1. With a cut-off of at least 2 residues that are surrounded by fewer than 24 Cβ atoms within 10 Å (Cβ to Cβ) and within 15 Å of ligand 2 (Cβ to nearest atom), name the helices (runs of 4 or more DSSP H) lying wholly within the range 1-87.
2. Of all residues in the range 173-217, count the ones that are closer than 28 Å to residue 16 by Cα and hydroxyl-bearing (Ser, Thr, Tyr).
3. Consider residue 357 against the criteria (1) away from ligand 1 (no atom under 16 Å from the Cβ); (2) assigned to a helix (DSSP H, G or I); (3) over 19 Å from residue 487 (Cα atoms): it satisfies all of them except one. Which criterion is unmet?
4. Against the definition (of a type outside the set (S, T, N, Q) and over 17 Å from residue 274 (Cβ atoms)), how does residue 240 come out, yes or no?
5. Can you tell me which residues in the range 429-457 are without any contact (Cβ under 8 Å) to a residue 60 or more places away in the chain and among the hydroxyl-bearing types (Ser, Thr, Tyr)?
6. Write out, first by first residue and then by second, each pair whose Cβ atoms fall under 7 Å of each other, whose residues are 6+ apart or on separate chains, and whose first residue, in the range 406-427, is free of Cβ contacts under 8 Å to residues at least 24 places away in the same chain while the second is aromatic (Phe, Trp, Tyr) and away from ligand 1 (no atom under 16 Å from the Cβ).
7. Please go through (1) over 25 Å from the mean Cα position of the chain (by Cα); (2) outside the structural domain of residue 203 (by TED's automatic domain parsing); (3) within 29 Å of residue 249 (Cβ to Cβ) for residue 143 and return the number of the only condition it doesn't satisfy.
8. Mind counting the residues in the range 158-176 that are without any contact (Cβ under 8 Å) to a residue 60 or more places away in the chain and either surrounded by 19 or more Cβ atoms within 10 Å (Cβ to Cβ) or hydroxyl-bearing (Ser, Thr, Tyr) (or both)?
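The values are calculated or read from the model by the stated rules, or taken from the named source; none is laboratory data. Bear in mind that the values here come from a model prediction, so they are computed numbers and not experimental data. Ideal geometry is used to build each Cβ from the backbone, glycine not excepted, and the neighbour counts take in all protein chains shown.
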Amino acid sequence: MNNPAWWKEAVVYQIYPRSFKDSNADGIGDLRGIIEKLDYIQSLGVDAVWLNPIFKSPNDDGGYDISDYYALQPEFGTMADFDELLAGLHQRKLKLIIDLVLNHSSDEHEWFQLSRQGKKPYTDFYFWKPGTPDAPPNNWPSFFGGSAWQWDAGAGKYYLHLFSKKQPDLNWETPALRQELYKVMRYWLDKGVDGLRLDVISAISKRTDFPNTDTDDFNETIRKYYANGPRLREFIAEARTEVWNNYDVMTVGEGPGITPQNALEFLHPQQGLNMLFHFGHMFIDQGPGGRFDPIPWTMKEFKQVFETWNATFQQAGWGSVFLGNHDFPRMVSRWGNDTLYRQESSKLLCTLLLTMPGTPFIYMGDEIGMTNTTLTSMAASLDVETQNGWVQARANGIPEAEFLKYANYAGRDNARTPVQWTADSHAGFSTARPWMPVNANYAQVNVAQQQADPQSTLTYFKNITQLRKRHRVLTHGSYKSIETTHQQLFAYEREWQQEKLLVVLNFSDQVVNLPDEVSAYPVCLITNYPAVNPGLLQPWEARIYTYKV
Ligand code: TEU
Ligand code: CA
């Protein structure tokens with residue numbers, strides 16, 4: 001392996017700017033707040049930062065509704081701030097990945113305003129359909145509840161919006177639109193950006209014959225109708241030729257609806273994306289009704305997802321590994337035990353993240369084991385998906401107390417509480433009242449306290465990140481799972497160039513026996529417990545063993 005692509009060797013740190021650090025006492029995170037924390041980010045041992053959208057936006061969907069692709073969100077700062085942030089990252093040998101939202105724009109984007117007025121060539125920049133106000137063109141549901149079609153009285157027709165009604169879908173079938181989006185990409189790549197995270201890229205080609213969906217299972221509808229359209233591979237290949245091949249840029253696509261069976265179609269070495277975010281595990285507990293229709297999941301299913309996707313990416317392409325982000329509950333609350341074993345289970349999850357094949361993406365705050373928050377009323381939710389989910393639920397007679405359970409289990413507010421820097425007021429995030437309340441546990445869970453503690457999740461995260469870099473078997477090695485049916489134990493082997501590692505993770509509150517394979521591994525490299533019991537794994541204990549072949 002001479003000089004593999006940087007993004008294959010990287011550990012990526014995801015920052016949701018609004019909630020990371022406020023530098024100017026308006027209660028909103030901003031770019032200068034990130035600049036203030038560049039040394040902290042570097043101290044983690046990560047190699048790149050992924051910033052959620054920073055562009056001008058009415059903020060209907062946390063910035064994923066862009067009204068000007070060439071301007072920054074004013075409350076985040078100025079272009080000079082952006083340039084200083086980029087320079088600061090590069091000085092520290094850190095890469096910057098920005099988040100481009102190209103499946104849809106804001107309805108306040110100039111293109112949409114001109115389109116709805118019937119101005120060429122903008123008319124075909126979006127999907128417009130005739131109809132009457134009470135009869136949408138088909139039965140497609142939005143990700144955010146209700147119909148995916150919005151009647152525009154001014155235009156006298158419907159427009160498609162897979163997400164909120166303020167996020168009209170861009171019509172990639174229109175060549176002039178694609179050229180405009182390529183210009184946007186070039187603008188930011190010319191500024192020196194190192195990577196693009198491409199929002200919902202799987203949906204830029206959809207079923208444009210717009211048949212009714214034939215299933216009530218929302219994730220099936222995504223897979224069959226919204227994603228994986230007939231021209232998806234062609235559009236990605238064109239973006240490669242028109243833009244990406246002319247830059248040293250990494251592209252990671254967000255691919256809801258993409259499956260292990262078709263993923264490699266979009267990861268072709270010359271014509272595809274470099275990496276993909278798949279959602280096999282992230283939708284594991286979603287019933288037919290989607291996020292707010294939770295169903296139980298089992299360890300066997302969870303392990304099977306990693307088995308299947310690792311097998312896919314062993315053939316070709318390259319995967320990404322994440323256990324949480326701005327769209328999902330905090331990983332320690334969702335997959336671990338954030339009460340009795342918060343520290344142990346957050347360390348265990350960091351171990352999984354850093355020992356799996358594929359590029360690890362750690363979400364800000366997960367390196368200190370930040371937990372879910374608790375909404376006590378639906379009025380407190382600041383997320384359009386959760387608020388719309390509540391509108392749907394209330395219309396179906398679901399009481400607020402019941403929906404709050406779903407929102408607190410699966411909702412996106414959980415991931416958007418401010419990063420907890422200190423035990424001071426507002427957790428050191430801001431000197432003003434934050435746009436979103438800080439989690440009540442900030443005095444117990446914060447960066448300052450953990451930086452001083454050799455047993456903290458933060459210290460463990462730094463150690464396990466360094467361990468991944470020292471043992472490149474974790475980046476380039478094969479993957480072989482063991483204990484595939486065991487309901488508590490997640491164990492797997494990694495092998496590459498005469499080194500073998502065994503990772504054993506106890507995903508439970510119970511003590512479990514070690515798998516027999518341990519007897520072949522004389523050296524325990526790391527554990528998340530103060531001491532190693534030779535025969536047993538403590539609750540939420542993680543260990544990594546090694547030997548030279
Ligand atoms: O998410 C799109 C998506 O497919 C889902 O994975 C996501 O969980 C969403 O909440 C629907 O459940 C991307 C962004 O990550 C998300 O923040 C945006 O709201 C969405 O696209 C629209 O831009
Ligand atoms: Ca601010």
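1. Hits in the range 1-87: 31-36.
2. Residues flagged as closer than 28 Å to residue 16 by Cα and hydroxyl-bearing (Ser, Thr, Tyr) within the range 173-217 amount to 4.
3. That leaves (2) as the condition not met.
4. Details: of a type outside the set (S, T, N, Q): yes; over 17 Å from residue 274 (Cβ atoms): no.
Criteria not met by residue 240.
5. Hit for the range 429-457 is 442, nothing else.
6. Short answer, once both residue conditions are applied: 427/421; 427/442.
7. Unmet condition: (1).
8. As a first pass, look at the range 158-176 and keep what is without any contact (Cβ under 8 Å) to a residue 60 or more places away in the chain: 158-161, 165, 171, 173-176.
The next check asks that each one be either surrounded by 19 or more Cβ atoms within 10 Å (Cβ to Cβ) or hydroxyl-bearing (Ser, Thr, Tyr) (or both); those that pass are 158-161, 165, 171, 174.
Total satisfying the criteria: 7.
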